[in-house]
Amino acid sequence: MYSDKVMEHFMNPRNVGEIENPDAVGQVGNPKCGDIMKMYLKIEDDVIVDVKFKTFGCGSAIATSSIATEMIKGKTVEEALNLTNRAVAEALDGLPPVKMHCSVLAEQAVKSAIYDYAKRNNLSYDGLDGFDPNDEHDHHHDIEEDH
Amino acid sequence: MYSDKVMEHFMNPRNVGEIENPDAVGQVGNPKCGDIMKMYLKIEDDVIVDVKFKTFGCGSAIATSSIATEMIKGKTVEEALNLTNRAVAEALDGLPPVKMHCSVLAEQAVKSAIYDYAKRNNLSYDGLDGFDPNDEHDHHHDIEEDH
Amino acid sequence: MNKRVYLDYSATTPMKQEVLDAMMPYFNVSFGNPSSIYTYGRESKGAIDKARDIIAKSLNSSPDEIFFTAGGSESDNWAVKGIAYANRSKGKHIITTNVEHHAVLHTCEYLEKEGYEVTYLSVDEYGLISIDQLKAAIRPDTILITIMFANNEIGTIQPIKEIGQIARNNNVYFHTDAVQAYGNMKIDVNELGIDLMSVSAHKLYGPKGTGALYIKKGVKIHQLIHGGGQEKRRRAGTENVPGIVGFAKAVQLAHENLEDHIKHITSLRDKLITGLKEKIQYLKLNGHPTKRLPGNVNYSIEFVEGESLLLSLDMVGIACSSGSACTSGSLDPSHVLMAIGLTHEVAHGSLRLTVGDFTSEEDIDYVIEKLPPIVEKLRQMSPLYEKVKGGN
Amino acid sequence: MNKRVYLDYSATTPMKQEVLDAMMPYFNVSFGNPSSIYTYGRESKGAIDKARDIIAKSLNSSPDEIFFTAGGSESDNWAVKGIAYANRSKGKHIITTNVEHHAVLHTCEYLEKEGYEVTYLSVDEYGLISIDQLKAAIRPDTILITIMFANNEIGTIQPIKEIGQIARNNNVYFHTDAVQAYGNMKIDVNELGIDLMSVSAHKLYGPKGTGALYIKKGVKIHQLIHGGGQEKRRRAGTENVPGIVGFAKAVQLAHENLEDHIKHITSLRDKLITGLKEKIQYLKLNGHPTKRLPGNVNYSIEFVEGESLLLSLDMVGIACSSGSACTSGSLDPSHVLMAIGLTHEVAHGSLRLTVGDFTSEEDIDYVIEKLPPIVEKLRQMSPLYEKVKGGN
Ligand SMILES: Cc1ncc(COP(=O)(O)O)c(C=O)c1O
Ligand SMILES: Cc1ncc(COP(=O)(O)O)c(C=O)c1O
């Protein structure tokens, strides 16, 4: 079902935990869907110098959180905003179709944290255009049951 | 499916054939049901001294014909008229439910031949009361299909 | 009983050893529920995926068009009822033939009671439908044409490609019951324009209780069995993993050796047809002389009745059938033989001998030796025969 | 992976060796079609008759009330649709519960689309229905009560005898899905007042793809699968002879050892319940404390999600499930756990561990050793847990 890469990140997730006095915190997902991702950022000179996450969710939710933190660590905020869910999924050698929403969640967790950073510091980023951290659309139920 | 007795009579039927100048001939059944029995009688002094049959039909049709001829041979006409389909079936150690109609046919073949004898000789028998050799009711289709 | 000659491959086949071997690990080693995400479950899931690929490939279809069922009858019921229920807003008219297997025929009759209209096309003396009659039968409210690929009793193969073309031209779904054809001829669902197709494993040396329904992508169909999310949520029930694996193995074997298989059984069939014809009078070959299943021989043996033939043959170890095995319980004359115009008594005297991969030349010789005296004995007993022979 | 501990007996069971042995002759030796009258066919027919007797006896019913199917889902669909269609002149109202297996639930939902009305009884925190609510739900047009014997997720056993009594008093048919109960408790259909009952072989060490529907004599029901005359003309399709024989063997074994089996798995279950409770905080046992299947443990493990638990357990060789295996594909929180009042996040974190005949004390010890650190690791990762522990 999952690629070796997913399993590896699931079993040995990178950057688990919290950051004390973070410069930004974002949380996405909801318990109904069974996935909650929380991301902490430490940002210096517009560069993400540290990132940690906590995730309640399935194997791929944990794996996508883990790899997303790896992918944005050391990057500028703008670069981090360019992270797409597709890139997250590809970095994990793919995800099963029903799990693609986890990569969307990871992308949104990053955006949500940066949104918090922008708000705290009165900044604005092109990459946040149209992003609403409270827009909790339901990522499941994409497969219609036939009868 | 069939008892050993049925199989034995089927494989080695008694009294197969025709009688030249018979005193009576009866035929029952119809090709639609897949069974035709023809019975020839030689009758002397009201006693069935010889009987032969020809049957087009399934295993139990042949077996019931065979045993029926055995059961009436040497009997008086009146005794032969007492032959019931149940007795025929019992003599064969039973028949499968869907094959009970064959024993009915055997009983009727005997009656039909005796009917012919009665007609030829202007006789009448209590045992033939209500018997109509042309009454070809359909013995199959007893099992209703549910849907 | 010593010798046993099985000539009823159209009723069911023995499983090939390779099929059984393929199934074995899935009974109690890799026995997990394929819906489970742990290792046990993934093993079974992987086996099912592989099986689906094999079957899809054999039909030139794609794996997501193959749905496993419990056999040909379920597939037929699903196809016919599923299309009927899902498309009733378009219409309630179905076209079929009067020589279908009961799994289609009785389903159609049931739908008639439910308010559907069914046209039963008749067939000619060889069992073939008329393309013109089919065209004429199509109405604006026709939603389904269901016509079998090859007949189970007389072996006649219908003009499937032409039917597919007509269905497509008229925007009507086309289902075909290929239970007898599958494994006995090449079938390309795309080339033939088939929308739905029923197949069954136990007719091609696979396990009983497993079948499949091919459903072309985009076809609008209701489920027959609701429940869990198996088979892409279209056919519920814990998958019969060993059955599915065995089915695929059987299909794989059949398709690797399809030409040889066809050649082998065609030659045995023809030897049987000729051999019996030479030795027995008053024989009539039922079905089409050339458009017929490679393994099918169906003879009407006049003046004798089928069951007594079967019993006598069984006594010498020969297993065959008189009409379809599925109907033999009822002992009504076969609806197929009536449809090709036989009289009742001739229909009752039909014998179906179907050869298969394990049939040998000696088996055929044995039948050609044993059948004629049996026929003669029964004819001597038959009141219908005496007339022909000039008896009283 | 070295150690393998299978704790998902409610999803499916490995076949017992005796079952496989019983099936073997019917794959390619006595492989004949049971509808055929020759020797090969009679061998299979005899095997089916014997199997039917065994299963009938196990339920205190008679052989002509047992109909073989392809599994629990088909049996459920047949019972519910068959009764609905055959009795619609009396009414179109059905009563069920909101904790049924999807094979019943989705069938009921389908019938709703077809114009039937369905009352879904709710359950209490233990998963039990209320007899008063059931009584109140019955209407003059009620034709069927379908309530499962024991729940597949939380193991709760319903008051079947009382339900049967109410159904009888109100002249309404009573169907029960006993797929999980059969083989795990004594069932007497007469004593319990059951009219129809679904069972499945692969849940009691028999083969996948075989089940049965008990239909009390005189019950008015339509067919689900039309066609040949098999199963007394009520369920068409060439019989899955090996499957049926294996099913009966499994039933026979289960019933010979029923008391030992129940004692064995009950003690393992209780050991597991206690052992985990001692080692892990924030656990909630789902289902009824005493009215529960002998092999069922269902724990909500707060602050963690089920799939990640399953994956982690799989890595150490433990196979179990989070909610029903049949629903795990969808990843929606289990409808059963929602019905007993769990919140979404707690429902997502439920673990079902079901023990069976091949489970050992060591297996249980192994789970009690391996699970707590896995839970702890996942909780450390969980943003829901930090709040409880007073994190930031
Ligand atoms: C309670 C219940 N009913 C029905 C079923 C369906 O049975 P099957 O998988 O044999 O179709 C199951 C198991 O999946 C079950 O647990
Ligand atoms: C043409 C045809 N259709 C359908 C069936 C039914 O298949 P099954 O016995 O697998 O249900 C059969 C065989 O019995 C058949 O020959």
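Quick notes on this structure:
- Gyration tensor verdict on the range C:93-232 (Cα atoms; rounded if a/c is under 1.5, prolate if a/b is larger than b/c, oblate otherwise): rounded
- Within the range D:17-256, DSSP assigns beta bridges of which about 40% are antiparallel (rounded to the nearest 5).
- Count Lys and Arg as plus one, Asp and Glu as minus one, and take only other residues whose Cβ is under 13 Å from that of B:T69; the net charge is then +3.
- The protein assembly as shown: radius of gyration over Cα atoms, expressed as a fraction of 2.2 N^0.38 Å: 1.08
- Looking at the range C:172-264, the trypsin sites (Lys or Arg not before Pro) that sit in a DSSP loop and have at most 11 other Cβ atoms within 10 Å of their own Cβ are C:K217.
- The GluC sites (Glu not before Pro) found in the range D:124-215 that occupy coil by DSSP, while having at most 16 further C-beta atoms within 10 Å, are D:E125.
- When chain D is treated as a Gaussian network with alpha carbon springs shorter than 10 Å, the biggest mean-square fluctuation among D:T343, D:T354, D:T96 belongs to D:T343.
- Value of relative contact order over the range C:17-256, rounded to a whole percent, pairs C-alpha under 8 Å and six or more apart: 27
- Counting from the shortest, the label point at A:N82, 7 Å from Cα toward Cβ, is 11.1 nm from the same position in each remaining copy.
- Other copies of D:L285: label-to-label distances in nm, shortest first, labels 7 Å along the beta-carbon direction: 7.5
- Size descriptor for the range B:45-134, Kirkwood hydrodynamic radius: 13.3 Å (Cα pairs only, one decimal).
- This ranking places B:M37, D:M338 by how few other beta-carbon atoms lie within 10 Å of each, fewest first, which gives D:M338, B:M37.
- Euclidean distance between Cα centres, the range D:206-231 to the range D:359-375, Å: 41
- The helix-based estimate of mean residue ellipticity at 222 nm for chain A, built from -39,500 (n - 2.57) per DSSP H run of four or more residues and divided by its residue count, is -11500 deg cm²/dmol to the nearest 500.
- Whether chain D is rounded, prolate or oblate, judged on the alpha carbon gyration tensor where a/c under 1.5 counts as rounded: oblate
- GNM on chain D, alpha-carbon springs under 10 angstrom: the most fluctuating residue among D:P25, D:P63, D:P242 is D:P25.
- Summarising the rotation from chain C to chain D, the nearest chain C beta-carbon to the axis and its distance in Å are given as C:A70, 2.
- Placed amide H near C:D8: partners under 5 Å, 5+ positions off or other chain: C:T354
- Amide proton proximity set for D:V118, modelled H, under 5 Å, gap of 5+: D:I94
- Database remark: amide H of B:A24 closer than 5 angstrom to the amide H of B:L41 (H placed geometrically; neighbours at sequence offset of 5 or more, or on other chains; Pro and chain starts carry no H).
- Gap separating the Cα centres of the range D:144-190 and the range D:275-308, nearest whole Å: 24
- Spread over its residues, the convex hull of the C-alpha atoms of the range C:249-382 is 121 Å³ per residue.
- Sites D:E256 and C:E117 - FRET efficiency at Förster radius 56 Å, r taken between beta-carbons, to 0.05: 0.55
- Ordered by the count of other Cβ atoms within 10 Å of each Cβ, fewest first, A:M71, D:M197, B:M11 give B:M11, A:M71, D:M197.
- Distances, shortest first, from the label point of C:G115 to those at the same position in the other copies read 0.4 nm; the point lies 7 Å along Cα to C-beta.
- C:D270/D:D64 FRET efficiency (R0 41 Å; Cβ-Cβ; nearest 0.05): 0.35
- Solution diffusion estimate, µm²/s, Stokes-Einstein, the range D:135-212, Kirkwood Rh from C-alpha pairs, 20 °C, viscosity 1.002 mPa s: 163
- Taking 7 Å steps out from each Cα toward its Cβ at D:D132 and C:E369 produces label points 8.3 nm apart.
- Local electrostatic count at B:K52 - Lys and Arg +1, Asp and Glu -1, tallied over other residues with Cβ under 11 Å: +2
Rule-based calculations on the coordinates, nothing more; no lab input. All values reported here derive from a predicted model rather than from experimental measurement. Cβ coordinates were reconstructed from backbone atoms using ideal geometry, including for glycine residues, and neighbour counts include every protein chain displayed.
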